[in-house]
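The values are calculated or read from the model by the stated rules, or taken from the named source; none is laboratory data. Quick caveat, the model's predicted, so the values are computed rather than measured. We place every Cβ from the backbone using ideal geometry, glycine too, and count neighbours over all the protein chains shown. Surface areas here come from the heavy atoms of the whole protein model, side chains and all, with no ligands, DNA or RNA. Shrake-Rupley method; radii C 1.70, N 1.55, O 1.52, S 1.80 Å.
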Amino acid sequence: MKSFVNVNPKSLDEAVAVLDRARAQGKKAALAGGGSDLLGMLKDHLVQPDLVVNLKSISGLEGVHREGERVRIGALTTLDEIARHPLLVERYAALAQAAGLAASPQIRNVGTLGGNVNQRPWCHYFRQGFPCFKNGGKMCYAVAGENQFHALFGGGPAFIVHPSDTAPALVALEAEFKVMGPSGAKIIPAEKYFILPREDVLRENVLGENEILAEVILPAAPSGLRSTYLKIRDRQAWDHAIVSIGAALEWEGGRCRKARLVLGGVAPIPWRVPNAERLLEGKSLGEALARQVAEAALAGAQPLAKNGYKVPLAKATVRRAVLSLLPAA
Amino acid sequence: MGFETTRRDFIRNTGWGIASAAAVSGLDIHGPLLRAEPIEVPSVAPTSRIRLTVNQRPYALGVEDRWTLAEVLRDHLGLTGTKVACDRGECGACTVLLEGRAVYACSYLAVWADGKEVLTVEGLAQGEQLDPLQEAFIEHDGPQCGFCTSGQLMAARALLNQVPEPTPPQVREGLAGNLCRCSNYNRYVEAVLAAAGKEGRHGK
(Lines give C-alpha, C1' and ligand atoms only; values in the text may rest on other atoms or scores of the structure.)
Protein backbone atom coordinates (compact mmCIF):
# COMPACT_ATOMS: atom_id res chain seq x y z
CA MET A 1 0.00 0.00 0.00
CA LYS A 2 1.01 3.62 -0.48
CA SER A 3 2.87 5.06 2.48
CA PHE A 4 1.21 7.36 5.01
CA VAL A 5 1.85 8.84 8.41
CA ASN A 6 0.04 7.25 11.34
CA VAL A 7 -1.13 9.86 13.84
CA ASN A 8 -2.00 8.96 17.43
CA PRO A 9 -4.11 11.81 18.82
CA LYS A 10 -4.63 11.88 22.56
CA SER A 11 -8.04 13.56 22.51
CA LEU A 12 -11.02 14.07 20.22
CA ASP A 13 -10.19 17.77 19.97
CA GLU A 14 -6.68 16.92 18.85
CA ALA A 15 -8.03 14.43 16.30
CA VAL A 16 -10.44 17.02 14.89
CA ALA A 17 -7.58 19.55 14.74
CA VAL A 18 -5.48 17.04 12.79
CA LEU A 19 -8.33 16.54 10.30
CA ASP A 20 -8.87 20.28 10.01
CA ARG A 21 -5.18 20.98 9.46
CA ALA A 22 -4.90 18.20 6.88
CA ARG A 23 -7.83 19.67 4.97
CA ALA A 24 -6.32 23.16 5.08
CA GLN A 25 -3.06 21.78 3.68
CA GLY A 26 -4.82 19.86 0.93
CA LYS A 27 -3.87 16.53 2.45
CA LYS A 28 -6.12 13.54 2.70
CA ALA A 29 -6.77 11.99 6.09
CA ALA A 30 -8.51 8.72 6.93
CA LEU A 31 -9.97 7.73 10.30
CA ALA A 32 -9.17 4.33 11.75
CA GLY A 33 -11.35 2.81 14.46
CA GLY A 34 -10.54 -0.89 14.50
CA GLY A 35 -9.03 -0.30 11.07
CA SER A 36 -10.09 -3.59 9.46
CA ASP A 37 -12.16 -1.95 6.73
CA LEU A 38 -9.65 0.85 6.17
CA LEU A 39 -6.72 -1.51 5.71
CA GLY A 40 -8.51 -3.45 2.98
CA MET A 41 -9.32 -0.20 1.20
CA LEU A 42 -5.70 0.97 1.53
CA LYS A 43 -4.34 -2.27 0.10
CA ASP A 44 -6.73 -2.07 -2.83
CA HIS A 45 -5.81 1.60 -3.39
CA LEU A 46 -9.43 2.64 -3.04
CA VAL A 47 -8.28 5.34 -0.62
CA GLN A 48 -4.79 6.80 -0.51
CA PRO A 49 -4.59 9.03 2.52
CA ASP A 50 -1.54 11.04 3.54
CA LEU A 51 -2.51 10.60 7.18
CA VAL A 52 -4.18 7.79 9.07
CA VAL A 53 -5.69 9.04 12.31
CA ASN A 54 -5.69 6.20 14.83
CA LEU A 55 -8.67 6.81 17.11
CA LYS A 56 -7.63 3.90 19.37
CA SER A 57 -5.07 6.22 20.93
CA ILE A 58 -7.82 8.39 22.45
CA SER A 59 -8.76 7.22 25.91
CA GLY A 60 -12.41 7.42 26.94
CA LEU A 61 -13.84 6.74 23.48
CA GLU A 62 -14.83 3.20 24.39
CA GLY A 63 -17.21 1.65 26.86
CA VAL A 64 -20.91 1.34 27.63
CA HIS A 65 -22.09 3.83 30.24
CA ARG A 66 -25.45 4.31 31.92
CA GLU A 67 -26.51 7.89 32.29
CA GLY A 68 -29.83 8.02 34.12
CA GLU A 69 -32.18 5.98 31.95
CA ARG A 70 -30.09 6.52 28.83
CA VAL A 71 -27.07 4.56 27.70
CA ARG A 72 -24.02 6.13 26.07
CA ILE A 73 -21.74 3.93 23.97
CA GLY A 74 -18.35 5.24 22.93
CA ALA A 75 -17.82 4.92 19.18
CA LEU A 76 -14.63 2.91 19.77
CA THR A 77 -16.43 0.22 21.79
CA THR A 78 -15.80 -3.11 20.11
CA LEU A 79 -18.61 -5.08 18.53
CA ASP A 80 -17.67 -8.01 20.77
CA GLU A 81 -18.16 -5.94 23.91
CA ILE A 82 -21.52 -4.67 22.66
CA ALA A 83 -22.66 -8.19 21.76
CA ARG A 84 -21.90 -9.41 25.30
CA HIS A 85 -22.84 -6.41 27.39
CA PRO A 86 -25.56 -7.53 29.86
CA LEU A 87 -27.43 -4.20 29.84
CA LEU A 88 -27.54 -4.11 26.04
CA VAL A 89 -28.43 -7.79 25.75
CA GLU A 90 -31.32 -7.27 28.17
CA ARG A 91 -32.73 -3.89 27.17
CA TYR A 92 -31.48 -3.18 23.66
CA ALA A 93 -31.40 -6.70 22.26
CA ALA A 94 -31.51 -5.56 18.63
CA LEU A 95 -28.17 -3.80 18.99
CA ALA A 96 -26.45 -6.58 20.92
CA GLN A 97 -27.69 -9.18 18.41
CA ALA A 98 -26.64 -7.06 15.42
CA ALA A 99 -23.14 -6.58 16.84
CA GLY A 100 -22.85 -10.31 17.54
CA LEU A 101 -23.91 -11.22 14.00
CA ALA A 102 -21.44 -8.87 12.32
CA ALA A 103 -18.42 -10.28 10.48
CA SER A 104 -16.26 -12.81 12.37
CA PRO A 105 -14.91 -13.16 15.93
CA GLN A 106 -11.57 -11.63 14.90
CA ILE A 107 -13.25 -8.60 13.33
CA ARG A 108 -15.61 -8.18 16.29
CA ASN A 109 -12.61 -8.13 18.64
CA VAL A 110 -11.15 -5.04 16.96
CA GLY A 111 -14.11 -3.71 14.96
CA THR A 112 -15.84 -0.79 16.61
CA LEU A 113 -19.43 0.46 16.71
CA GLY A 114 -18.37 3.68 14.96
CA GLY A 115 -16.50 1.74 12.31
CA ASN A 116 -19.39 -0.63 11.72
CA VAL A 117 -21.77 2.27 11.21
CA ASN A 118 -19.34 4.17 8.97
CA GLN A 119 -17.94 1.28 6.91
CA ARG A 120 -17.98 1.81 3.17
CA PRO A 121 -20.25 -0.25 0.90
CA TRP A 122 -19.24 -3.80 0.01
CA CYS A 123 -20.49 -3.71 -3.58
CA HIS A 124 -17.98 -5.88 -5.44
CA TYR A 125 -17.66 -3.35 -8.26
CA PHE A 126 -16.76 -0.62 -5.77
CA ARG A 127 -14.35 -2.80 -3.81
CA GLN A 128 -12.60 -4.03 -6.94
CA GLY A 129 -11.89 -0.51 -8.06
CA PHE A 130 -14.31 -0.19 -10.98
CA PRO A 131 -14.70 3.48 -11.92
CA CYS A 132 -18.23 3.50 -10.52
CA PHE A 133 -20.11 6.38 -8.90
CA LYS A 134 -18.76 5.43 -5.46
CA ASN A 135 -15.21 5.52 -6.82
CA GLY A 136 -15.78 8.94 -8.36
CA GLY A 137 -16.79 7.58 -11.77
CA LYS A 138 -19.90 8.07 -13.82
CA MET A 139 -21.85 4.84 -13.76
CA CYS A 140 -23.20 2.09 -11.54
CA TYR A 141 -21.98 -1.20 -12.97
CA ALA A 142 -24.58 -3.13 -10.98
CA VAL A 143 -27.50 -1.72 -12.98
CA ALA A 144 -26.76 -3.88 -16.01
CA GLY A 145 -24.35 -6.25 -14.28
CA GLU A 146 -24.25 -8.59 -11.32
CA ASN A 147 -26.83 -7.10 -8.99
CA GLN A 148 -27.85 -10.04 -6.80
CA PHE A 149 -26.82 -8.14 -3.69
CA HIS A 150 -28.01 -4.67 -4.61
CA ALA A 151 -30.80 -2.35 -3.62
CA LEU A 152 -34.56 -2.84 -3.82
CA PHE A 153 -35.32 0.63 -2.48
CA GLY A 154 -33.71 4.06 -2.71
CA GLY A 155 -31.29 3.14 -5.47
CA GLY A 156 -29.96 5.62 -8.03
CA PRO A 157 -27.60 6.69 -9.25
CA ALA A 158 -25.68 4.07 -7.20
CA PHE A 159 -27.49 0.89 -6.17
CA ILE A 160 -25.33 -0.13 -3.21
CA VAL A 161 -26.86 -1.43 -0.02
CA HIS A 162 -25.75 -0.15 3.34
CA PRO A 163 -23.64 -2.97 4.80
CA SER A 164 -23.87 -2.21 8.52
CA ASP A 165 -25.65 -4.63 10.85
CA THR A 166 -25.73 -2.22 13.78
CA ALA A 167 -27.15 0.69 11.77
CA PRO A 168 -30.68 -0.75 11.24
CA ALA A 169 -30.74 -1.76 14.92
CA LEU A 170 -29.72 1.74 16.01
CA VAL A 171 -32.36 3.39 13.81
CA ALA A 172 -34.98 0.98 15.17
CA LEU A 173 -33.93 1.81 18.74
CA GLU A 174 -34.10 5.58 18.01
CA ALA A 175 -30.45 6.10 18.85
CA GLU A 176 -28.70 9.43 18.45
CA PHE A 177 -25.17 10.00 17.21
CA LYS A 178 -22.83 12.51 18.83
CA VAL A 179 -20.54 13.98 16.18
CA MET A 180 -17.48 16.07 17.05
CA GLY A 181 -16.27 18.75 14.69
CA PRO A 182 -14.27 21.98 14.72
CA SER A 183 -17.19 23.90 16.26
CA GLY A 184 -17.86 21.31 18.96
CA ALA A 185 -20.37 18.50 19.34
CA LYS A 186 -23.68 18.03 17.61
CA ILE A 187 -26.37 15.41 18.09
CA ILE A 188 -27.88 13.75 15.02
CA PRO A 189 -30.73 11.20 15.18
CA ALA A 190 -29.53 7.90 13.70
CA GLU A 191 -32.32 8.08 11.14
CA LYS A 192 -31.03 11.43 9.81
CA TYR A 193 -27.38 10.34 9.78
CA PHE A 194 -27.50 8.20 6.64
CA ILE A 195 -27.98 9.71 3.19
CA LEU A 196 -29.05 8.32 -0.16
CA PRO A 197 -26.75 8.33 -3.21
CA ARG A 198 -29.02 10.86 -4.88
CA GLU A 199 -28.11 13.33 -2.09
CA ASP A 200 -24.36 12.67 -2.34
CA VAL A 201 -23.17 9.68 -4.28
CA LEU A 202 -19.69 9.73 -2.72
CA ARG A 203 -20.89 9.39 0.87
CA GLU A 204 -23.23 7.20 2.88
CA ASN A 205 -23.74 9.61 5.78
CA VAL A 206 -23.59 13.25 6.79
CA LEU A 207 -20.21 13.01 8.52
CA GLY A 208 -17.97 15.81 7.23
CA GLU A 209 -14.28 15.47 6.36
CA ASN A 210 -13.28 17.10 9.64
CA GLU A 211 -15.85 15.37 11.84
CA ILE A 212 -15.70 12.25 13.98
CA LEU A 213 -18.51 10.04 15.21
CA ALA A 214 -17.75 10.03 18.94
CA GLU A 215 -20.67 8.41 20.68
CA VAL A 216 -23.96 6.62 20.23
CA ILE A 217 -26.72 7.48 22.68
CA LEU A 218 -29.59 5.10 23.30
CA PRO A 219 -32.79 6.61 24.74
CA ALA A 220 -34.48 5.19 27.81
CA ALA A 221 -35.89 1.75 27.09
CA PRO A 222 -39.59 2.01 28.03
CA SER A 223 -41.23 -0.88 29.79
CA GLY A 224 -42.75 -3.14 27.19
CA LEU A 225 -39.99 -2.54 24.65
CA ARG A 226 -38.87 -5.66 22.85
CA SER A 227 -36.41 -5.60 20.02
CA THR A 228 -34.52 -7.96 17.78
CA TYR A 229 -32.19 -8.09 14.78
CA LEU A 230 -32.54 -10.87 12.22
CA LYS A 231 -29.93 -11.37 9.52
CA ILE A 232 -30.16 -13.57 6.44
CA ARG A 233 -26.85 -14.55 4.84
CA ASP A 234 -25.61 -16.84 2.10
CA ARG A 235 -23.50 -18.69 4.65
CA GLN A 236 -24.23 -18.72 8.34
CA ALA A 237 -21.02 -16.96 9.31
CA TRP A 238 -18.83 -14.14 8.18
CA ASP A 239 -21.06 -12.60 5.57
CA HIS A 240 -23.00 -9.46 4.96
CA ALA A 241 -26.77 -9.42 5.18
CA ILE A 242 -28.70 -10.26 2.05
CA VAL A 243 -31.61 -8.89 3.99
CA SER A 244 -31.88 -8.03 7.65
CA ILE A 245 -34.23 -6.24 9.99
CA GLY A 246 -33.88 -4.23 13.15
CA ALA A 247 -37.28 -4.32 14.83
CA ALA A 248 -38.38 -2.61 18.03
CA LEU A 249 -41.94 -2.96 19.30
CA GLU A 250 -43.42 -1.43 22.44
CA TRP A 251 -46.26 -3.37 24.03
CA GLU A 252 -48.98 -2.26 26.42
CA GLY A 253 -51.78 -4.53 27.56
CA GLY A 254 -51.21 -6.97 24.71
CA ARG A 255 -51.34 -4.26 22.06
CA CYS A 256 -48.49 -2.71 20.15
CA ARG A 257 -48.09 0.89 21.28
CA LYS A 258 -45.30 1.80 18.91
CA ALA A 259 -43.37 0.01 16.18
CA ARG A 260 -40.06 0.70 14.45
CA LEU A 261 -39.12 -1.60 11.59
CA VAL A 262 -35.86 -0.94 9.75
CA LEU A 263 -34.61 -3.14 6.92
CA GLY A 264 -30.94 -3.76 6.18
CA GLY A 265 -29.39 -5.04 2.97
CA VAL A 266 -32.15 -3.65 0.76
CA ALA A 267 -31.29 0.04 0.35
CA PRO A 268 -28.32 2.42 0.40
CA ILE A 269 -29.38 3.44 3.93
CA PRO A 270 -31.08 1.58 6.79
CA TRP A 271 -34.59 1.46 5.32
CA ARG A 272 -37.45 2.33 7.65
CA VAL A 273 -40.89 1.12 6.61
CA PRO A 274 -43.44 3.49 8.25
CA ASN A 275 -46.46 2.02 6.46
CA ALA A 276 -45.72 -1.38 7.94
CA GLU A 277 -45.11 0.15 11.38
CA ARG A 278 -48.51 1.89 11.32
CA LEU A 279 -50.31 -1.39 10.64
CA LEU A 280 -48.99 -2.75 13.92
CA GLU A 281 -49.72 0.23 16.13
CA GLY A 282 -52.74 -0.15 18.37
CA LYS A 283 -53.20 -3.79 17.43
CA SER A 284 -52.61 -7.15 18.99
CA LEU A 285 -50.44 -9.34 16.80
CA GLY A 286 -51.20 -12.61 15.08
CA GLU A 287 -50.02 -14.52 12.03
CA ALA A 288 -52.48 -12.73 9.69
CA LEU A 289 -51.39 -9.24 10.77
CA ALA A 290 -47.71 -10.25 10.59
CA ARG A 291 -48.24 -11.22 6.94
CA GLN A 292 -49.94 -7.88 6.19
CA VAL A 293 -47.07 -6.04 7.88
CA ALA A 294 -44.56 -7.98 5.77
CA GLU A 295 -46.47 -7.16 2.55
CA ALA A 296 -46.61 -3.49 3.50
CA ALA A 297 -42.89 -3.43 4.32
CA LEU A 298 -41.93 -4.57 0.82
CA ALA A 299 -44.59 -2.58 -1.05
CA GLY A 300 -42.92 -0.42 -3.66
CA ALA A 301 -39.78 -2.54 -3.90
CA GLN A 302 -38.06 -2.09 -7.27
CA PRO A 303 -35.92 -5.17 -7.90
CA LEU A 304 -33.15 -5.14 -10.45
CA ALA A 305 -32.68 -8.06 -12.87
CA LYS A 306 -31.13 -10.47 -10.35
CA ASN A 307 -32.20 -9.44 -6.86
CA GLY A 308 -35.93 -10.12 -7.01
CA TYR A 309 -35.41 -13.10 -4.70
CA LYS A 310 -34.81 -10.61 -1.91
CA VAL A 311 -38.49 -9.57 -1.90
CA PRO A 312 -40.00 -12.82 -0.58
CA LEU A 313 -36.92 -13.31 1.62
CA ALA A 314 -37.38 -9.89 3.20
CA LYS A 315 -41.11 -10.47 3.68
CA ALA A 316 -40.44 -13.70 5.55
CA THR A 317 -37.79 -11.95 7.63
CA VAL A 318 -40.18 -9.15 8.62
CA ARG A 319 -42.89 -11.66 9.53
CA ARG A 320 -40.51 -13.76 11.62
CA ALA A 321 -39.08 -10.72 13.37
CA VAL A 322 -42.39 -9.23 14.47
CA LEU A 323 -43.78 -12.60 15.57
CA SER A 324 -40.64 -13.19 17.63
CA LEU A 325 -41.40 -9.99 19.55
CA LEU A 326 -44.87 -10.99 20.79
CA PRO A 327 -45.18 -9.90 24.41
CA ALA A 328 -44.86 -12.55 27.10
CA ALA A 329 -48.38 -13.78 27.86
CA MET B 1 22.48 -8.56 -5.82
CA GLY B 2 21.82 -11.67 -7.91
CA PHE B 3 18.49 -13.18 -8.69
CA GLU B 4 19.30 -16.13 -6.40
CA THR B 5 19.12 -13.84 -3.38
CA THR B 6 16.15 -14.82 -1.29
CA ARG B 7 13.69 -12.26 -0.03
CA ARG B 8 14.84 -12.89 3.52
CA ASP B 9 18.48 -12.36 2.59
CA PHE B 10 17.48 -9.16 0.89
CA ILE B 11 15.71 -7.90 4.01
CA ARG B 12 18.71 -8.87 6.12
CA ASN B 13 21.20 -7.21 3.84
CA THR B 14 19.29 -3.98 3.57
CA GLY B 15 19.04 -3.93 7.35
CA TRP B 16 15.46 -2.88 7.91
CA GLY B 17 14.76 -2.33 11.57
CA ILE B 18 16.43 -3.68 14.61
CA ALA B 19 15.43 -7.30 14.06
CA SER B 20 17.13 -7.49 10.70
CA ALA B 21 20.03 -5.45 12.00
CA ALA B 22 20.35 -7.94 14.82
CA ALA B 23 20.46 -10.77 12.32
CA VAL B 24 23.32 -9.07 10.48
CA SER B 25 25.28 -8.64 13.70
CA GLY B 26 24.74 -12.26 14.63
CA LEU B 27 22.29 -11.74 17.48
CA ASP B 28 19.55 -14.29 17.91
CA ILE B 29 16.56 -12.47 16.54
CA HIS B 30 14.24 -14.69 18.53
CA GLY B 31 15.92 -13.65 21.76
CA PRO B 32 15.12 -10.64 23.90
CA LEU B 33 16.02 -7.39 22.18
CA LEU B 34 15.95 -4.66 24.74
CA ARG B 35 17.61 -1.63 23.29
CA ALA B 36 16.61 1.79 24.50
CA GLU B 37 17.38 3.33 21.11
CA PRO B 38 16.32 1.20 18.20
CA ILE B 39 18.25 1.52 14.98
CA GLU B 40 16.65 3.90 12.52
CA VAL B 41 14.82 2.32 9.62
CA PRO B 42 16.41 3.42 6.37
CA SER B 43 13.24 4.08 4.46
CA VAL B 44 11.63 6.83 2.47
CA ALA B 45 8.26 5.93 3.98
CA PRO B 46 7.18 7.37 7.34
CA THR B 47 8.36 5.22 10.24
CA SER B 48 7.67 4.86 13.94
CA ARG B 49 9.38 3.20 16.85
CA ILE B 50 7.36 0.64 18.70
CA ARG B 51 7.75 -1.88 21.44
CA LEU B 52 6.09 -5.24 21.15
CA THR B 53 6.03 -8.27 23.39
CA VAL B 54 5.83 -11.32 21.16
CA ASN B 55 5.55 -14.73 22.78
CA GLN B 56 6.68 -13.16 26.05
CA ARG B 57 9.84 -11.69 24.50
CA PRO B 58 10.16 -7.92 24.31
CA TYR B 59 11.20 -6.27 21.05
CA ALA B 60 12.04 -2.67 20.21
CA LEU B 61 11.47 -2.07 16.54
CA GLY B 62 11.53 0.57 13.88
CA VAL B 63 8.60 0.00 11.54
CA GLU B 64 7.07 1.73 8.59
CA ASP B 65 3.69 3.12 9.59
CA ARG B 66 2.07 1.15 6.78
CA TRP B 67 3.40 -2.24 7.84
CA THR B 68 0.81 -4.66 9.13
CA LEU B 69 1.39 -6.69 12.25
CA ALA B 70 1.55 -9.79 10.03
CA GLU B 71 4.32 -8.27 7.91
CA VAL B 72 6.36 -7.36 10.99
CA LEU B 73 5.95 -10.79 12.56
CA ARG B 74 6.81 -12.69 9.39
CA ASP B 75 9.23 -10.51 7.48
CA HIS B 76 11.04 -8.74 10.28
CA LEU B 77 10.88 -11.02 13.32
CA GLY B 78 11.15 -14.23 11.32
CA LEU B 79 7.99 -15.66 12.88
CA THR B 80 6.64 -17.24 9.73
CA GLY B 81 4.19 -19.53 11.53
CA THR B 82 1.64 -16.75 11.10
CA LYS B 83 0.38 -17.19 7.53
CA VAL B 84 -0.93 -14.63 5.09
CA ALA B 85 -3.39 -15.90 2.49
CA CYS B 86 -6.09 -13.37 1.57
CA ASP B 87 -4.38 -10.41 3.25
CA ARG B 88 -7.85 -8.83 3.56
CA GLY B 89 -9.13 -9.99 6.95
CA GLU B 90 -11.32 -12.69 5.48
CA CYS B 91 -9.56 -16.05 5.70
CA GLY B 92 -8.11 -16.09 9.22
CA ALA B 93 -4.73 -17.66 8.35
CA CYS B 94 -2.98 -14.68 10.01
CA THR B 95 -4.86 -14.96 13.32
CA VAL B 96 -2.75 -14.10 16.37
CA LEU B 97 -3.70 -13.14 19.90
CA LEU B 98 -3.34 -9.44 20.63
CA GLU B 99 -3.72 -8.76 24.35
CA GLY B 100 -5.34 -12.20 24.54
CA ARG B 101 -7.95 -11.60 21.83
CA ALA B 102 -7.94 -13.23 18.40
CA VAL B 103 -7.26 -10.68 15.68
CA TYR B 104 -6.35 -10.72 11.99
CA ALA B 105 -2.69 -9.66 11.95
CA CYS B 106 -3.00 -8.73 8.26
CA SER B 107 -5.63 -6.13 9.08
CA TYR B 108 -3.98 -4.41 12.01
CA LEU B 109 -1.09 -2.00 11.66
CA ALA B 110 2.03 -2.79 13.65
CA VAL B 111 2.14 0.81 14.93
CA TRP B 112 -1.26 0.28 16.53
CA ALA B 113 0.16 -2.66 18.48
CA ASP B 114 2.78 -0.47 20.21
CA GLY B 115 3.12 -1.52 23.84
CA LYS B 116 0.90 -4.56 23.40
CA GLU B 117 1.37 -8.26 23.88
CA VAL B 118 1.19 -10.66 20.94
CA LEU B 119 0.99 -14.45 20.99
CA THR B 120 1.72 -16.30 17.75
CA VAL B 121 1.58 -20.00 16.97
CA GLU B 122 5.31 -20.21 17.80
CA GLY B 123 4.44 -19.28 21.39
CA LEU B 124 1.79 -21.97 21.95
CA ALA B 125 4.03 -24.86 22.98
CA GLN B 126 5.96 -24.69 26.24
CA GLY B 127 9.34 -25.97 25.15
CA GLU B 128 8.76 -29.52 23.91
CA GLN B 129 5.33 -29.65 25.53
CA LEU B 130 2.70 -29.01 22.88
CA ASP B 131 -0.41 -27.03 23.68
CA PRO B 132 -3.38 -29.40 24.22
CA LEU B 133 -4.91 -27.90 21.10
CA GLN B 134 -1.84 -28.79 19.03
CA GLU B 135 -1.95 -32.36 20.35
CA ALA B 136 -5.66 -32.63 19.58
CA PHE B 137 -5.15 -31.20 16.09
CA ILE B 138 -2.63 -33.99 15.44
CA GLU B 139 -4.80 -36.71 16.98
CA HIS B 140 -7.88 -35.67 15.05
CA ASP B 141 -6.09 -35.03 11.75
CA GLY B 142 -7.08 -31.38 11.79
CA PRO B 143 -4.54 -30.12 9.28
CA GLN B 144 -4.67 -31.36 5.71
CA CYS B 145 -2.64 -28.94 3.63
CA GLY B 146 -1.90 -27.15 6.88
CA PHE B 147 -1.88 -23.60 5.62
CA CYS B 148 -4.83 -22.47 7.74
CA THR B 149 -3.75 -24.46 10.78
CA SER B 150 -1.84 -21.86 12.75
CA GLY B 151 -4.76 -19.46 12.36
CA GLN B 152 -7.22 -22.18 13.42
CA LEU B 153 -5.04 -22.93 16.45
CA MET B 154 -4.90 -19.31 17.53
CA ALA B 155 -8.64 -18.76 17.05
CA ALA B 156 -9.27 -21.93 19.07
CA ARG B 157 -6.81 -20.83 21.79
CA ALA B 158 -8.65 -17.50 22.13
CA LEU B 159 -11.95 -19.34 22.35
CA LEU B 160 -10.81 -21.77 25.05
CA ASN B 161 -9.21 -18.96 27.05
CA GLN B 162 -12.58 -17.24 27.11
CA VAL B 163 -14.90 -20.29 27.19
CA PRO B 164 -12.98 -23.26 28.64
CA GLU B 165 -15.77 -25.77 27.97
CA PRO B 166 -17.51 -24.67 24.80
CA THR B 167 -20.48 -26.38 23.18
CA PRO B 168 -20.14 -27.53 19.54
CA PRO B 169 -22.04 -24.45 18.28
CA GLN B 170 -19.71 -22.23 20.33
CA VAL B 171 -16.69 -23.92 18.76
CA ARG B 172 -18.14 -23.49 15.27
CA GLU B 173 -18.80 -19.82 16.01
CA GLY B 174 -15.32 -19.41 17.49
CA LEU B 175 -13.75 -20.78 14.30
CA ALA B 176 -16.17 -18.97 11.97
CA GLY B 177 -13.54 -16.42 11.03
CA ASN B 178 -11.10 -19.05 9.72
CA LEU B 179 -11.43 -20.61 6.30
CA CYS B 180 -10.04 -24.06 5.46
CA ARG B 181 -9.69 -24.66 1.73
CA CYS B 182 -9.46 -28.41 2.41
CA SER B 183 -12.79 -28.01 4.17
CA ASN B 184 -11.71 -30.03 7.18
CA TYR B 185 -13.95 -28.06 9.48
CA ASN B 186 -15.53 -31.05 11.23
CA ARG B 187 -12.12 -32.37 12.30
CA TYR B 188 -11.10 -28.98 13.60
CA VAL B 189 -14.28 -28.71 15.64
CA GLU B 190 -13.78 -32.26 17.00
CA ALA B 191 -10.20 -31.43 17.91
CA VAL B 192 -11.12 -28.26 19.78
CA LEU B 193 -13.83 -30.07 21.73
CA ALA B 194 -11.37 -32.84 22.61
CA ALA B 195 -8.73 -30.35 23.72
CA ALA B 196 -11.30 -28.50 25.83
CA GLY B 197 -12.22 -31.77 27.54
CA LYS B 198 -8.57 -32.53 28.28
CA GLU B 199 -7.83 -29.07 29.55
CA GLY B 200 -10.85 -29.35 31.81
CA ARG B 201 -9.63 -32.70 33.26
CA HIS B 202 -6.08 -31.51 33.79
CA GLY B 203 -7.16 -28.15 35.13
CA LYS B 204 -5.03 -26.14 32.72
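Tabulated values for the structure
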| item | result |
| --- | --- |
| Cα convex hull of region A:239-329 - mean projected area over all directions, nm² | 6.0 |
| Solvent-accessible ranking of A:D50, A:D13, largest area first, probe 1.4 Å | A:D13, A:D50 |
| Label zone at A:R84, where the point sits 7 Å out along the Cα-to-Cβ direction: region A:107-131 residues whose backbone N lies under 18 Å | A:107-113 |
| Chain A, accessible area per residue, ligands and nucleic acids excluded (1.4 Å, Å²) | 40 |
| For chain A, built as a Gaussian network whose Cα springs stay under 10 Å, the top-fluctuating residue of A:G115, A:G129, A:G33 | A:G129 |
| log10 of Debye I(q)/I(0), alpha-carbon scatterers only, for region B:91-158 at 0.23 Å⁻¹ | -1.00 |
| Accessible-area value, B:Y188, 1.4 Å probe, nucleic acids and ligands omitted, Å² | 0 |
| Long-range amide H partners of B:G177 with built H, under 5 Å | A:Q106 |
| Pairs of Cα atoms farther than 20 Å apart, region B:125-199, % | 18 |
| Tail beyond 42 Å, pair distance distribution of the protein assembly as shown (Cα, percent) | 23 |
| Partner chain coverage, peptide A:230-240 - average Cβ within 10 angstrom | 2 |
| Region A:13-82 pair-distance distribution - Cα-Cα, 10 Å bins, rounded % | 18, 39, 30, 11, 1 |
| Alpha-carbon centroid distance for the pair region B:144-163 / region B:87-109, whole angstrom | 11 |
| Top of A:I195, A:I245, A:I269 by mean-square fluctuation, Gaussian network on chain A, Cα under 10 Å | A:I195 |
| Compactness of region B:48-204 as Cα Rg over 2.2 N^0.38 Å, two decimals | 1.01 |
| Rh (Kirkwood; distinct C-alpha pairs) - region A:154-308, Å | 16.8 |
| Per-residue average of Cβ from other chains inside 10 Å of A:95-107 | 5 |
| Percentage relative contact order, region A:236-329, counting C-alpha pairs under 8 Å, at least six apart | 27 |
| Mean separation of Cα contacts under 8 Å, 6 or more apart, over the residue count of region A:100-255: relative contact order % | 23 |
| Antiparallel DSSP beta bridges within the protein assembly as shown, as percent of all bridges there, nearest 5 | 85 |
| Length-normalised contact order of chain A in % [C-alpha pairs under 8 Å, at least 6 apart] | 17 |
| Accessible area buried, both sides summed, chains A and B with 1.4 Å probe, Å² | 2300 |
| Modelled FRET efficiency - R0 51 Å, A:E295 with B:N161, Cβ distances, 0.05 increments | 0.60 |
| Efficiency of FRET between A:R21 and A:K186 - r from beta-carbon atoms, R0 25 angstrom, step 0.05 | 0.75 |
| Solvent exposure of region B:85-204 as accessible area per residue, Å², 1.4 Å probe | 44 |
| Percent accessible area from carbon and sulfur atoms, region B:39-106, protein chains only, probe 1.4 Å | 44 |
